[in-house]
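Novice: Got a structure for you, written out below as C-alpha cells; questions coming shortly.
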Amino acid sequence: MKTLQSDIRTSKLRNQNAVMLMLLLILSVIVLLSASFGAFHIPVDAVIGIFKSQLGIDSHVFTDAQAQVLLNIRMPRILMAMLIGGGLGLAGAALQGLFRNPLVEPGLIGVSAGGAFFAVLFIVFGSSLIVMSPLFSLIGLPLFAFLGGLLVTMCVYKIASNSGKTDISVLILAGVAINALMGALIGLVLFYADDAALRNFTFWSLGDLGGSNWSKLGIGSLLIIPAIGMILKLYPELNAMALGENEAYHIGVNIQKVKYTLFLSSALIVGTAVSMSGTIGFVGLVVPHLIRLGFGADHRLVLPGSFLLGAILLSGADLLARNIVRPAELPIGIITALLGAPFFIYLILNFKKINY
Amino acid sequence: MLQGINIHFCISDKPIIGEASVKLFPGQFTAIIGPNGAGKSTLFKLLSGDLTCSRGNILYNGRLIQKYKSQELAQIRAVMPQHTVLSFPFSAWEVVELGSLNAPREISQQDIQDVMERLQIWHLRDRKYSLLSGGEKQRVQLARVLIQIWKNQPFPRYLLLDEPISSMDVSLQHLVLAMLNDLKDRNIGVLAVLHDLGLVANYADQVIMMKAGSVAFQGNLSEVYNSKNLEKLFGYPIQVKNHETGMGVMVHSLPYHYINHTIKQAQ
C-alpha cells in the first residue's frame, strides 16, 4: 500500500509528460496541415519531401514553385503563428499567476492597447526623431510596443492590487479605463500623422500574420524566446504565489524579483506580438484555462502546456483564416475573437461554479 | 532565540503596537492571547516579517530579520496565516508539497505522507483544496508549514501560527497541539495566537498576554497565567484551577447572567 502511494510524484510527472507529448503531436499535425493547405495547395507528401530535402535527403516529389511557396512564404508564417500564439498563451498564464486571478488577459487589462499606443507613437514620430538605421527600424517597433506594454502592466498592477491581493472588479475596470485612454491617445497621435505614417499605420494595424517573413520572425524570436525561457523557469514560484504573496514570501520566494521578471517578460512577449501581428485577443485567456480545467493547476505543466496549446490554437486559427474564404484571407483576430468571446462569457457565467 | 525589541508599529500615525518586547525560545511552546483588537495579529505579522516595524528590531537567532534573504528566512521559520485563499485549483497534496519549495530534494514523499497521516488528511490528498471544509483546510495548511521545517537543522527554528486550530473540532485541536508539542524536541520554538484559554493552560510553556497594543504580562505559565491576570486582561471574571481529577488545568469563565447577579448583590 505504502509503495503504491509513494508514487504520486512520479505518476504526476508521467501524466504531465504524456500531456506535453499529446500537445506536441497535435501541433505537428496542424503544422503539416498548415503547410499543405492554402491559396496554393501543396500535397502533404510534397511538404514532407521539401522538409526532407532541406535536411539533405534527396527527394523529388515536389516542384520548385512548391518549395518556394513553402519555404519563403508559408513556413515563416506558420512559425510566427506558433511563436506568437504560444507566447500569448504563456504570457496569459504568467499574468494570471501574477495577478492571482484566472480572468486576467493581456488584451483585457490593457497591456496590448499600451503596446499598440507606443507602437503607433513609434510609427508616427519615430522616423522624424531618430536617424533610422535599417536594423533600428525593424527592432524599434517591437521595443516601443514592449515599453508600452510594460508601463501599462505596472500601472494596472498598482491600481488593482492592495497589499498583495488584487480585486478583480477593480482590475477589469482599470483595464476598461486604460483601453479607452490608449484608444484616445492613438487617435490623437494619428491626428498629427503625415500621409506616409498613416499608410504605415494602416498596414500595421491590418497586419495580421500575413506579413510574416524570415527577418521579422528572426527579430520576433530574438525578443520572445528569452522571455519564454524566463517565464518557464518560474513555475515553482508561480505555484507558491497561488497561496498568496505573503505565503510565497514565507516559503522563501523573492516576491519582488519574481514580480518584475514576470512584468518584463510578459510585456516583452505581448509587446512584440502586438507589433508583429496587431492585437490578437483571447488566446491568453482561453489557453491557460483549458490546460487547468483538463490537467490541474501545477504551473510545471500549465506554463509549457499553455505555450503549446497557444501555438496550436493560433496556427489552427491561421489555417482557418487562410482557407475559409480562399483565395482571400480573414483577419486572424476575427477568428480568435469568435472562439474566445463566447468562451469568456461561459467563464463569467460559471466563475462561481468552477470552484477554484 | 526569536526576539522583538522595543517594537513599535503604527498605521498612518495611529499606533497599533505601542511598545512591545517579546522573547521566543526554541524548544518552547509560546501562546499569544488577548482581547480582540489587542494587536495580536499585528505582533504576529511583525515577527513573521510580513510587516516592518516603525521602530524597534526583530532578531532571529541574534541576527536582524532584514539581514536575511527570503530563502534563508524560510529555512529558519515557517508561518501559517489565519486564512489562505488559493487562486487556482490545486489538490491538497500539491498544497502540502509547496512547503518543500525551498528544499525539494530533502523532503521525500514519505515525509509528506507521514505528516498528512498524522493530521488525518492523507485520504484528502487528491481533493481540490477549495472544496475542503474549514478545519480540513487548516490541517492542509498546517501540514504545508510543518513540511517546511520537517528536516532537522543544526540551528534553532521557529514555527509561527495565527489561530491554527480555530476551525477544528475539540479532538483535532488536542491532536494538533500534542503534535506541536512534539516539535519542541527538534529545537523548534512554537508561537501560536490562540483563543481557547483552557488549551493554552494545558499546552503552552510561555504566554504573551497582549492588551491595547502592548504586552501586559509575559512569562512562564506558572508565573503569569492566573485568575487575577486573566481578569485584568479581558475585563471579565475568569478562574484558573486544577481539575479535580488532577489531570490538567481548567479555565472557567462565569456565564454572563451570573455576573449581573453578583454585581447586583454587591450593590
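Novice: For a label point 7 Å from the Cα of B:ASP126 along Cα→C-beta, name the residues of the stretch A:279-315 whose backbone N is under 19 Å from it.
Specialist: Taking a point 7 Å out along Cα→Cβ of B:ASP126, the residues of the stretch A:279-315 whose backbone N falls under 19 Å are A:292-298.
Novice: Next question. Heavy atoms only, 1.4 Å probe, whole protein assembly: order A:PHE282, B:PHE90 by accessible area, highest first.
Specialist: A:PHE282, B:PHE90
Novice: Among the residues of the stretch B:108-142, which ones have their accessible area go down by 50 Å² or more when all the protein chains sit together, as opposed to their chain alone (1.4 Å probe)?
Specialist: B:GLN109
Novice: Considering only protein heavy atoms, what per residue accessible area in square angstrom results for the stretch A:2-350 with a 1.4 angstrom probe?
Specialist: 43 Å²
Novice: What's the buried accessible area, both sides, between B and A using a 1.4 Å probe, rounded to 100 Å²?
Specialist: 3200 Å²
Novice: Oh, and also: How compact and how long is the protein assembly as shown, expressed as Rg and Dmax of its alpha-carbon atoms in Å?
Specialist: Spelled out, the Cα radius of gyration and Dmax of the protein assembly as shown are 30.0, 112 Å.
Novice: Out of the total accessible area of the protein assembly as shown (probe 1.4 Å, heavy atoms of protein only), what percent is carbon and sulfur?
Specialist: It is 61 percent, rounded to a whole number.
Novice: What average count of beta carbons from other chains do you get within 10 Å of the Cβ of residues in B:92-103?
Specialist: Per residue, the number of nearby Cβ atoms from other chains is 4 on average.
Novice: With every protein chain left in place, what is the accessible area per residue of the stretch B:63-125 in square angstrom, probe 1.4 Å?
Specialist: In whole numbers, the stretch B:63-125 has 42 Å² accessible per residue.
Novice: Taking each residue in B:72-84, count the Cβ atoms of any other chain within 10 Å of its Cβ, then average. What number comes out?
Specialist: Other-chain Cβ atoms within 10 Å of each residue's Cβ, averaged: 3.
Novice: Report the accessible area of A:TYR346, computed with a 1.4 Å probe over the heavy atoms of all protein chains in place, in Å² rounded to the nearest 10.
Specialist: For A:TYR346, the solvent-accessible surface is approximately 100 Å².
Novice: At a 10 angstrom cut-off on C-beta neighbours, averaged per residue, how do the peptides A:191-202, A:86-97 rank from highest to lowest?
Specialist: Going by the mean number of other Cβ atoms within 10 Å, highest first, we get A:86-97, A:191-202.
Novice: Taking the Cα centre of the stretch B:2-225 as origin, work out the dipole magnitude from +1 charges on Lys and Arg Cβ and -1 charges on Asp and Glu Cβ, in debye rounded to 20.
Specialist: That gives a dipole near 520 debye.
Novice: Now for a different question. Between B:MET179 and B:GLU72, what is the FRET efficiency for a Förster distance of 25 Å, r being their Cβ-Cβ separation, to the nearest 0.05?
Specialist: Efficiency, from the Cβ-Cβ distance: 0.45.
Novice: For peptide A:288-297, compute the average count of partner chain beta-carbon atoms within 10 Å of each residue's beta-carbon.
Specialist: Rounded to a whole number, the mean comes out at 2.
Novice: Go through A:221-234, A:145-158 and give me the packing order, highest mean Cβ count within 10 Å leading.
Specialist: Taking the mean over residues of other Cβ atoms within 10 Å, the ranking is A:145-158, A:221-234.
Novice: Now a separate question. Hey, rough spin-label estimate for B:ILE259 and A:GLN68, points 7 angstrom out along Cα→Cβ, what's it come to in nanometres?
Specialist: About 9.5 nm separates the two model spin labels.
Novice: Let me know the whole percent of all Cα-Cα pairs from chain B that are separated by more than 22 Å.
Specialist: Beyond 22 Å sits 59 percent of the P(r) for chain B.
Novice: Over chain B, with a Gaussian network built from C-alpha contacts below 10 Å, which listed residue (B:SER253, B:SER166, B:SER100) shows the highest mean-square fluctuation?
Specialist: Judging by the Gaussian network model, the answer is B:SER253.
Novice: Compute the FRET efficiency between A:ILE26 and B:SER171 as 1/(1 + (r/R0)^6), taking r as their Cβ-Cβ distance and R0 = 35 Å, and round to the nearest 0.05.
Specialist: 0.10
Novice: Modelled label-to-label distance, A:LYS158 and A:SER59, 7 Å Cα→beta-carbon offset: nm?
Specialist: Roughly 5.4 nm, to one decimal.
Novice: OK, next. With each pseudo-label sitting 7 Å past Cα toward Cβ, what's the A:VAL176-A:LEU13 distance in nm, one decimal?
Specialist: 4.8 nm
The values are calculated or read from the model by the stated rules, or taken from the named source; none is laboratory data. Not measured: the values here are computed from a predicted model. Cβ atoms come from the backbone with ideal geometry, glycine included; neighbour counts cover every protein chain shown. The area values use the complete protein model at the heavy-atom level, side chains included, leaving out ligands, DNA and RNA. Shrake-Rupley method; radii C 1.70, N 1.55, O 1.52, S 1.80 Å.
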